[in-house]
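Peer 1: Provided herewith is a single structure, encoded as C-alpha coordinates, for subsequent inquiry.
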Amino acid sequence: EVRITEITTRECLTKLAKRKPNLVFSGVKYFEFNGDQIWLNDFLELHNIPYIGSNHAALDREHNKGLAKSLVKKAGIVTADYVVVKTSGVSAHNHLRMAYPVFVKPVIGGDSIGIDELSLVFNREQLDVKIKQIFNVLNCDALVERYLMGREFSVGILEDEQSRVLTAMPIEITAPKNNLGHRLLDFDVKRLDREKVTKVKNKTLHKKLSDLGKSAFAALGGRSFGRIDIKLCAKGLPHFVEANLMPGLSKGYFYRSCVINLGMTYDDMILLLCSNRINSSGEGKKTA
Ligand SMILES: Nc1ncnc2c1ncn2[C@@H]1O[C@H](COP(=O)(O)OP(=O)(O)O)[C@@H](O)[C@H]1O
Ligand SMILES: [Mg+2]
(Lines give C-alpha, C1' and ligand atoms only; values in the text may rest on other atoms or scores of the structure.)
(Ligands and ions follow the chains in the order given, each with its own letter.)
Protein backbone atom coordinates (compact mmCIF):
# COMPACT_ATOMS: atom_id res chain seq x y z
CA GLU A 1 0.00 0.00 0.00
CA VAL A 2 1.44 3.38 -1.04
CA ARG A 3 -0.02 6.65 0.23
CA ILE A 4 0.81 10.27 -0.50
CA THR A 5 0.83 12.43 2.63
CA GLU A 6 0.89 16.19 2.30
CA ILE A 7 2.66 17.80 5.26
CA THR A 8 1.57 21.39 5.81
CA THR A 9 1.48 21.58 9.62
CA ARG A 10 3.03 19.95 12.68
CA GLU A 11 -0.22 17.97 13.15
CA CYS A 12 0.23 16.35 9.71
CA LEU A 13 3.58 15.02 10.93
CA THR A 14 2.07 13.71 14.15
CA LYS A 15 -0.63 11.92 12.15
CA LEU A 16 2.03 10.40 9.91
CA ALA A 17 3.90 9.10 12.97
CA LYS A 18 0.70 7.53 14.32
CA ARG A 19 0.17 5.69 11.04
CA LYS A 20 3.66 4.19 11.38
CA PRO A 21 4.43 3.52 7.70
CA ASN A 22 7.14 0.96 6.91
CA LEU A 23 8.97 3.55 4.83
CA VAL A 24 8.81 7.27 4.11
CA PHE A 25 9.95 8.26 0.61
CA SER A 26 10.57 11.99 0.54
CA GLY A 27 12.98 14.58 -0.84
CA VAL A 28 12.30 17.10 1.94
CA LYS A 29 15.15 18.01 4.29
CA TYR A 30 13.23 20.04 6.86
CA PHE A 31 9.97 21.87 7.56
CA GLU A 32 9.52 25.27 9.11
CA PHE A 33 6.44 25.65 11.30
CA ASN A 34 6.02 29.02 13.03
CA GLY A 35 9.73 29.69 12.81
CA ASP A 36 10.72 26.24 14.20
CA GLN A 37 12.80 24.01 11.99
CA ILE A 38 11.90 20.30 12.08
CA TRP A 39 14.24 17.96 10.21
CA LEU A 40 12.11 15.22 8.69
CA ASN A 41 14.72 12.51 9.14
CA ASP A 42 15.27 13.37 12.82
CA PHE A 43 11.52 13.29 13.39
CA LEU A 44 11.20 9.90 11.68
CA GLU A 45 14.12 8.42 13.62
CA LEU A 46 12.55 9.55 16.86
CA HIS A 47 9.47 7.55 15.86
CA ASN A 48 11.41 4.55 14.54
CA ILE A 49 10.14 5.06 10.99
CA PRO A 50 12.55 4.16 8.16
CA TYR A 51 13.19 6.71 5.40
CA ILE A 52 15.24 6.67 2.21
CA GLY A 53 18.69 8.24 2.01
CA SER A 54 21.14 9.80 4.44
CA ASN A 55 20.59 11.03 7.98
CA HIS A 56 20.58 14.66 9.15
CA ALA A 57 24.26 14.57 10.22
CA ALA A 58 25.43 13.46 6.77
CA LEU A 59 23.19 16.03 5.05
CA ASP A 60 24.81 18.70 7.23
CA ARG A 61 28.25 17.54 6.12
CA GLU A 62 27.44 17.97 2.42
CA HIS A 63 25.29 21.12 2.79
CA ASN A 64 28.22 23.45 3.40
CA LYS A 65 30.60 22.96 0.47
CA GLY A 66 33.56 24.26 2.48
CA LEU A 67 32.95 21.72 5.25
CA ALA A 68 32.45 18.92 2.70
CA LYS A 69 35.74 19.83 1.01
CA SER A 70 37.63 19.86 4.31
CA LEU A 71 36.23 16.42 5.24
CA VAL A 72 37.03 14.76 1.91
CA LYS A 73 40.47 16.38 1.93
CA LYS A 74 41.14 14.88 5.37
CA ALA A 75 40.19 11.49 3.90
CA GLY A 76 42.95 11.89 1.30
CA ILE A 77 40.70 12.85 -1.63
CA VAL A 78 41.88 15.49 -4.09
CA THR A 79 39.88 18.73 -4.15
CA ALA A 80 40.77 22.22 -5.45
CA ASP A 81 42.48 24.64 -3.02
CA TYR A 82 39.91 27.01 -1.55
CA VAL A 83 39.08 29.72 0.92
CA VAL A 84 35.68 30.63 2.40
CA VAL A 85 35.11 34.38 2.42
CA LYS A 86 32.82 35.71 5.16
CA THR A 87 30.44 38.58 4.59
CA SER A 88 32.50 41.38 6.12
CA GLY A 89 36.07 42.57 5.83
CA VAL A 90 38.61 43.81 3.36
CA SER A 91 38.93 42.72 -0.26
CA ALA A 92 39.04 38.92 -0.46
CA HIS A 93 42.03 39.35 -2.73
CA ASN A 94 44.15 39.79 0.40
CA HIS A 95 43.17 36.31 1.65
CA LEU A 96 43.90 34.51 -1.60
CA ARG A 97 46.76 32.08 -1.52
CA MET A 98 46.17 30.94 -5.09
CA ALA A 99 46.70 32.37 -8.53
CA TYR A 100 43.91 33.60 -10.82
CA PRO A 101 41.72 32.43 -12.44
CA VAL A 102 39.57 31.32 -9.49
CA PHE A 103 35.99 30.07 -9.34
CA VAL A 104 33.56 31.83 -6.98
CA LYS A 105 30.23 30.41 -5.83
CA PRO A 106 27.92 30.46 -2.79
CA VAL A 107 29.25 28.12 -0.09
CA ILE A 108 25.72 26.76 0.34
CA GLY A 109 23.14 25.93 -2.32
CA GLY A 110 22.32 23.84 -5.34
CA ASP A 111 20.89 23.87 -8.87
CA SER A 112 23.77 26.23 -9.80
CA ILE A 113 22.03 29.11 -8.01
CA GLY A 114 24.50 32.01 -7.86
CA ILE A 115 26.72 30.47 -10.54
CA ASP A 116 27.05 32.44 -13.77
CA GLU A 117 29.67 33.82 -16.18
CA LEU A 118 30.96 36.10 -13.39
CA SER A 119 31.89 33.04 -11.29
CA LEU A 120 35.05 32.63 -13.32
CA VAL A 121 37.25 35.40 -11.98
CA PHE A 122 40.52 36.68 -13.46
CA ASN A 123 41.45 39.61 -11.19
CA ARG A 124 40.85 41.47 -7.95
CA GLU A 125 38.07 43.71 -9.32
CA GLN A 126 36.07 40.78 -10.69
CA LEU A 127 36.59 38.92 -7.41
CA ASP A 128 35.12 41.77 -5.36
CA VAL A 129 32.16 42.12 -7.74
CA LYS A 130 31.24 38.43 -7.65
CA ILE A 131 31.63 38.10 -3.87
CA LYS A 132 29.49 41.20 -3.33
CA GLN A 133 26.80 39.76 -5.60
CA ILE A 134 26.73 36.52 -3.58
CA PHE A 135 26.49 38.46 -0.29
CA ASN A 136 23.89 40.93 -1.47
CA VAL A 137 21.62 38.71 -3.55
CA LEU A 138 21.91 35.40 -1.71
CA ASN A 139 23.04 36.60 1.71
CA CYS A 140 25.62 33.83 1.72
CA ASP A 141 29.36 33.42 2.30
CA ALA A 142 31.45 32.80 -0.81
CA LEU A 143 33.62 29.81 -1.66
CA VAL A 144 36.64 30.83 -3.72
CA GLU A 145 38.36 27.87 -5.38
CA ARG A 146 41.08 27.17 -7.84
CA TYR A 147 39.47 27.04 -11.28
CA LEU A 148 39.25 23.48 -12.63
CA MET A 149 39.36 23.90 -16.37
CA GLY A 150 38.95 20.27 -17.47
CA ARG A 151 36.03 17.96 -18.29
CA GLU A 152 33.13 17.58 -15.87
CA PHE A 153 31.55 14.42 -14.45
CA SER A 154 29.00 13.34 -11.89
CA VAL A 155 29.06 9.94 -10.19
CA GLY A 156 25.79 8.41 -9.01
CA ILE A 157 26.32 6.14 -5.99
CA LEU A 158 24.10 3.25 -4.94
CA GLU A 159 24.74 1.43 -1.68
CA ASP A 160 23.46 -2.12 -1.20
CA GLU A 161 22.30 -1.62 2.35
CA GLN A 162 22.62 -5.28 3.30
CA SER A 163 26.18 -5.87 2.09
CA ARG A 164 27.21 -2.16 2.34
CA VAL A 165 28.80 -2.55 -1.13
CA LEU A 166 28.85 0.68 -3.18
CA THR A 167 28.19 0.82 -6.93
CA ALA A 168 29.47 3.90 -8.78
CA MET A 169 27.76 5.19 -11.93
CA PRO A 170 29.80 7.95 -13.61
CA ILE A 171 28.46 10.18 -16.38
CA GLU A 172 30.12 13.01 -18.30
CA ILE A 173 28.29 16.35 -18.38
CA THR A 174 29.30 18.73 -21.16
CA ALA A 175 28.09 22.32 -21.02
CA PRO A 176 28.23 24.42 -24.20
CA LYS A 177 31.12 26.90 -24.48
CA ASN A 178 30.26 30.39 -23.20
CA ASN A 179 31.35 33.69 -24.80
CA LEU A 180 34.85 33.32 -23.38
CA GLY A 181 35.15 29.71 -24.53
CA HIS A 182 34.65 28.14 -21.08
CA ARG A 183 32.29 25.28 -20.26
CA LEU A 184 30.41 26.11 -17.03
CA LEU A 185 27.40 24.24 -15.77
CA ASP A 186 25.85 27.51 -14.63
CA PHE A 187 22.30 28.41 -13.70
CA ASP A 188 21.13 29.21 -17.23
CA VAL A 189 22.71 26.12 -18.80
CA LYS A 190 20.91 23.85 -16.29
CA ARG A 191 17.64 25.79 -16.54
CA LEU A 192 17.59 25.65 -20.33
CA ASP A 193 18.85 22.04 -20.45
CA ARG A 194 21.73 23.01 -22.71
CA GLU A 195 24.21 20.42 -21.38
CA LYS A 196 24.88 16.96 -22.85
CA VAL A 197 25.06 13.87 -20.65
CA THR A 198 27.09 10.92 -21.92
CA LYS A 199 28.61 7.59 -20.92
CA VAL A 200 32.22 7.45 -19.67
CA LYS A 201 33.72 4.97 -22.12
CA ASN A 202 37.38 5.10 -21.12
CA LYS A 203 37.88 2.29 -18.57
CA THR A 204 40.76 3.88 -16.67
CA LEU A 205 38.88 7.15 -16.28
CA HIS A 206 35.68 5.27 -15.34
CA LYS A 207 37.58 3.51 -12.56
CA LYS A 208 39.25 6.69 -11.28
CA LEU A 209 35.93 8.56 -11.15
CA SER A 210 34.21 5.60 -9.49
CA ASP A 211 36.90 5.31 -6.82
CA LEU A 212 36.77 9.03 -6.05
CA GLY A 213 32.95 9.00 -5.95
CA LYS A 214 32.82 6.05 -3.56
CA SER A 215 35.54 7.43 -1.25
CA ALA A 216 33.86 10.85 -1.05
CA PHE A 217 30.45 9.25 -0.34
CA ALA A 218 32.01 7.20 2.47
CA ALA A 219 34.02 10.14 3.87
CA LEU A 220 30.81 12.17 4.21
CA GLY A 221 28.94 9.26 5.81
CA GLY A 222 26.38 8.95 2.99
CA ARG A 223 23.80 6.17 3.12
CA SER A 224 21.87 4.34 0.38
CA PHE A 225 22.36 6.74 -2.54
CA GLY A 226 23.89 10.04 -3.62
CA ARG A 227 25.79 11.83 -6.35
CA ILE A 228 29.31 13.23 -6.33
CA ASP A 229 30.36 16.04 -8.71
CA ILE A 230 33.89 15.85 -10.12
CA LYS A 231 35.95 18.04 -12.45
CA LEU A 232 39.37 17.50 -14.02
CA CYS A 233 42.18 20.01 -13.55
CA ALA A 234 44.37 21.18 -16.46
CA LYS A 235 46.53 18.07 -15.97
CA GLY A 236 43.53 15.74 -16.25
CA LEU A 237 43.45 14.76 -12.57
CA PRO A 238 39.91 14.26 -11.11
CA HIS A 239 39.01 16.66 -8.26
CA PHE A 240 36.05 16.44 -5.87
CA VAL A 241 33.72 19.45 -6.43
CA GLU A 242 30.69 18.77 -4.21
CA ALA A 243 28.40 16.03 -2.94
CA ASN A 244 24.63 15.66 -3.24
CA LEU A 245 23.39 13.22 -0.60
CA MET A 246 19.79 14.08 -1.44
CA PRO A 247 20.04 14.25 -5.24
CA GLY A 248 16.90 15.12 -7.17
CA LEU A 249 14.85 12.01 -7.94
CA SER A 250 13.06 13.30 -11.00
CA LYS A 251 14.68 12.52 -14.35
CA GLY A 252 17.90 14.47 -13.64
CA TYR A 253 21.57 13.51 -13.36
CA PHE A 254 21.08 10.76 -10.74
CA TYR A 255 18.45 9.01 -12.84
CA ARG A 256 20.57 9.42 -15.96
CA SER A 257 23.57 7.90 -14.19
CA CYS A 258 21.40 4.84 -13.37
CA VAL A 259 20.09 4.52 -16.96
CA ILE A 260 23.44 5.04 -18.67
CA ASN A 261 25.41 2.67 -16.40
CA LEU A 262 22.90 0.02 -15.33
CA GLY A 263 20.16 0.26 -17.96
CA MET A 264 17.52 0.85 -15.28
CA THR A 265 14.09 2.29 -15.97
CA TYR A 266 12.77 5.11 -13.80
CA ASP A 267 10.45 2.68 -11.97
CA ASP A 268 13.35 0.25 -11.38
CA MET A 269 15.29 3.07 -9.76
CA ILE A 270 12.48 4.19 -7.43
CA LEU A 271 11.63 0.61 -6.43
CA LEU A 272 15.29 -0.17 -5.77
CA LEU A 273 15.62 2.82 -3.44
CA CYS A 274 12.56 1.54 -1.53
CA SER A 275 13.45 -2.14 -1.36
CA ASN A 276 17.02 -1.35 -0.40
CA ARG A 277 15.88 0.40 2.78
CA ILE A 278 12.94 -1.87 3.60
CA ASN A 279 15.11 -4.99 3.38
CA SER A 280 17.91 -3.44 5.40
CA SER A 281 15.68 -2.31 8.24
CA GLY A 282 14.05 -5.70 8.53
CA GLU A 283 10.65 -4.28 7.61
CA GLY A 284 8.57 -5.69 4.83
CA LYS A 285 5.29 -6.31 3.09
CA LYS A 286 3.38 -3.07 3.75
CA THR A 287 4.78 0.19 2.29
CA ALA A 288 3.49 3.73 2.76
N1 LIG B 1 36.34 24.93 -8.83
C2 LIG B 1 35.62 24.92 -9.95
N3 LIG B 1 36.23 25.09 -11.15
C4 LIG B 1 35.51 25.10 -12.30
N5 LIG B 1 34.19 24.97 -12.36
C6 LIG B 1 33.52 24.79 -11.21
C7 LIG B 1 34.20 24.76 -9.94
N8 LIG B 1 33.25 24.59 -8.98
C9 LIG B 1 32.06 24.51 -9.62
N10 LIG B 1 32.21 24.64 -10.95
C11 LIG B 1 31.14 24.64 -11.98
O12 LIG B 1 29.94 25.12 -11.39
C13 LIG B 1 28.94 24.10 -11.43
C14 LIG B 1 28.09 24.13 -10.18
O15 LIG B 1 28.90 23.97 -9.03
P16 LIG B 1 28.46 23.01 -7.86
O17 LIG B 1 29.37 23.23 -6.71
O18 LIG B 1 28.31 21.62 -8.36
O19 LIG B 1 27.04 23.65 -7.46
P20 LIG B 1 25.55 23.07 -7.42
O21 LIG B 1 25.36 22.61 -6.00
O22 LIG B 1 24.72 24.27 -7.70
O23 LIG B 1 25.44 21.97 -8.41
C24 LIG B 1 29.72 22.80 -11.55
O25 LIG B 1 28.89 21.81 -12.10
C26 LIG B 1 30.86 23.23 -12.46
O27 LIG B 1 30.47 23.32 -13.82
MG1 LIG C 1 26.66 20.31 -8.55
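Peer 1: ³J(HN,Hα) across region 20-34 via Karplus (A = 6.51, B = -1.76, C = 1.60, θ = phi - 60°), whole Hz, x for Gly/Pro?
Peer 2: Result, ordered by residue: 6, x, 6, 7, 10, 10, 8, x, 8, 8, 8, 10, 10, 10, 6 Hz.
Peer 1: Another question about this same structure. Going toward the positive end of the dipole of the chain, with +1 on Lys and Arg Cβ and -1 on Asp and Glu Cβ, which of Thr14, Pro247, Ala175 do you reach last?
Peer 2: Of the candidates, Ala175 comes out farthest on the positive side.
Peer 1: Next question. Normalised by the residues of region 10-51, what does the relative contact order come to in percent, with Cα pairs under 8 Å and at least six apart?
Peer 2: Value for region 10-51: 43 percent.
Peer 1: Moving on. Once you put a point 7 Å from the Cα of Asp188 and another 7 Å from the Cα of Glu125, both along the Cβ direction, what distance in nm separates them?
Peer 2: Computed distance between label sites Asp188 and Glu125 equals 2.1 nm.
Peer 1: Note down the net charge around Glu6, summing +1 for each Lys or Arg and -1 for each Asp or Glu among other residues with Cβ under 15 Å from its Cβ. Could you put the intermediate results ahead of the total?
Peer 2: Numbers: positive: Arg3, Arg10, Lys15, Arg19; negative: Glu11.
Net charge in that neighbourhood comes out at +3.
Peer 1: Under 8 Å for C-alpha pairs, at least 6 residues apart: give me the relative contact order for the chain, rounded to a whole percent.
Peer 2: Working: 512 pairs, mean separation 65.6, N = 288.
Computed over the chain, the figure is 23 percent.
Peer 1: Here's another thing I want to ask about it. Non-local amide H neighbours of Met264 (under 5 Å, H modeled in plane, Pro and chain starts lacking H): which ones?
Peer 2: Val259
Peer 1: What percentage of the solvent-accessible surface of the chain, computed with a 1.4 Å probe over protein heavy atoms, is contributed by carbon and sulfur atoms? It would help to have the intermediate numbers written out before the result.
Peer 2: Values: 7730 of 14990 Å².
Carbon and sulfur together cover 52 percent of it.
Peer 1: List the lysines whose Cα sits under 25 Å from the Cα of Lys15, skipping any in the same chain fewer than 8 residues away.
Peer 2: Lys29, Lys285, Lys286
Peer 1: Do you know the Lys pair count in region 82-191 for C-alpha distances under 21 Å, with sequence separation 8 or more or different chains?
Peer 2: Lysine pairs satisfying the spacing and distance rule in region 82-191 number 10.
Peer 1: Please give the FRET efficiency for Lys132 paired with Met98, using the beta carbon to beta carbon distance and R0 = 25 Å, rounded to the nearest 0.05.
Peer 2: On the way: r = 20 Å, r/R0 = 0.79.
That gives a FRET efficiency of 0.80.
Peer 1: Can you pull out the trypsin sites (Lys or Arg not before Pro) in region 133-188 that DSSP calls coil and that have at most 11 other Cβ atoms within 10 Å?
Peer 2: Values: sites: Arg146, Arg151, Arg164, Lys177, Arg183; in loops: Arg151, Arg164.
In loop regions of region 133-188 (DSSP not H, G, I, E or B), the sparsely surrounded trypsin sites (Lys or Arg not before Pro) are Arg164.
Peer 1: What is the magnitude of the charge dipole of region 82-146 about its Cα centre, with +1 placed on the Cβ of each Lys and Arg, -1 on the Cβ of each Asp and Glu, and no other charges, expressed in debye to the nearest 20? Numbers along the way, then the final one.
Peer 2: On the way: 7 positive and 7 negative charges, 50 e Å.
Result for region 82-146 is approximately 240 debye, rounded to the nearest 20.
Peer 1: Under 5 Å between amide hydrogens, which residues at least 5 positions from Val241 or on another chain qualify, with H placed 1.01 Å from N in the peptide plane?
Peer 2: Close amide H contacts, sequence-distant or interchain: Asp229, Ile230, Lys231.
Peer 1: Next up: Using only the alpha carbons, work out the radius of gyration and Dmax of region 164-267 in angstrom.
Peer 2: 13.9, 45
Peer 1: Quote the accessible area belonging to His182 in square angstrom, nearest 10, computed with a 1.4 Å probe and with ligands, DNA and RNA left uncounted.
Peer 2: For His182, the solvent-accessible surface is approximately 40 Å².
Peer 1: A further question on this structure: So what is the 222 nm mean residue ellipticity for the chain from helices alone, if each DSSP H run of at least 4 adds -39500 (n - 2.57) and you divide by all residues, rounding to the nearest 500 deg cm²/dmol?
Peer 2: Working: 9 runs with 97 residues, N = 288.
Value at 222 nm, helices only, nearest 500: -10000 deg cm²/dmol.
Peer 1: How large is ³J(HN,Hα), in whole Hz, for each residue of region 212-221 in order, when computed from phi with the Karplus curve 6.51 cos²θ - 1.76 cosθ + 1.60 and θ = phi - 60°, using x for Gly and Pro?
Peer 2: 5, x, 5, 5, 5, 4, 5, 4, 8, x
Peer 1: OK, next. What size of dipole, in debye to the nearest 20, comes out for the chain about its Cα centre when the only charges are +1 on Lys and Arg C-beta atoms and -1 on Asp and Glu C-beta atoms?
Peer 2: Working: 42 positive and 32 negative charges, 145 e Å.
So the dipole magnitude of the chain works out to roughly 700 debye.
Peer 1: Then there's this: Accessible area per residue, 1.4 Å probe, Å², for the chain: what's the number?
Peer 2: Values: 14990 Å² over 288 residues.
I get 52 Å² per residue for the chain.
Peer 1: Okay, moving on. Counting only the backbone N, which residues of region 113-146 are under 15 Å from the spot 7 Å out from the Cα of Leu67 toward its beta-carbon?
Peer 2: 141
Peer 1: To the nearest 10 square angstrom, what accessible area does Phe135 show with a 1.4 Å probe?
Peer 2: Phe135 has an accessible surface of roughly 30 Å² with all protein chains in place.
Peer 1: Which Cα, out of Leu44, Asn34, Leu23, lies furthest along the positive dipole direction of region 10-51 (beta carbon charges, K/R +1, D/E -1)?
Peer 2: Final value for the positive-end residue is Leu23.
Peer 1: If you don't mind, another one. Which value, in debye to the nearest 20, describes the size of the charge dipole of region 48-103 about its Cα centre when Lys and Arg Cβ atoms bear +1, Asp and Glu Cβ atoms bear -1, and nothing else is charged? Walk me through the numbers on the way to the answer.
Peer 2: On the way: 7 positive and 3 negative charges, 30 e Å.
Once rounded to the nearest 20, the dipole reads 140 debye.
Peer 1: Moving to a separate point now. If packing is taken as the average number of other Cβ atoms within 10 Å across a peptide's residues, how do 234-244, 31-41 rank, most packed first?
Peer 2: Taking the mean over residues of other Cβ atoms within 10 Å, the ranking is 234-244, 31-41.
The values are calculated or read from the model by the stated rules, or taken from the named source; none is laboratory data. This is a predicted model, so every value here is computed, not measured. Note that each Cβ is placed from the backbone with ideal geometry, even for glycine, and that neighbours are counted across all protein chains shown. Each accessible area value is taken on the protein alone, full model and side chains, heavy atoms only, with ligands, DNA and RNA left out. Shrake-Rupley method; radii C 1.70, N 1.55, O 1.52, S 1.80 Å.
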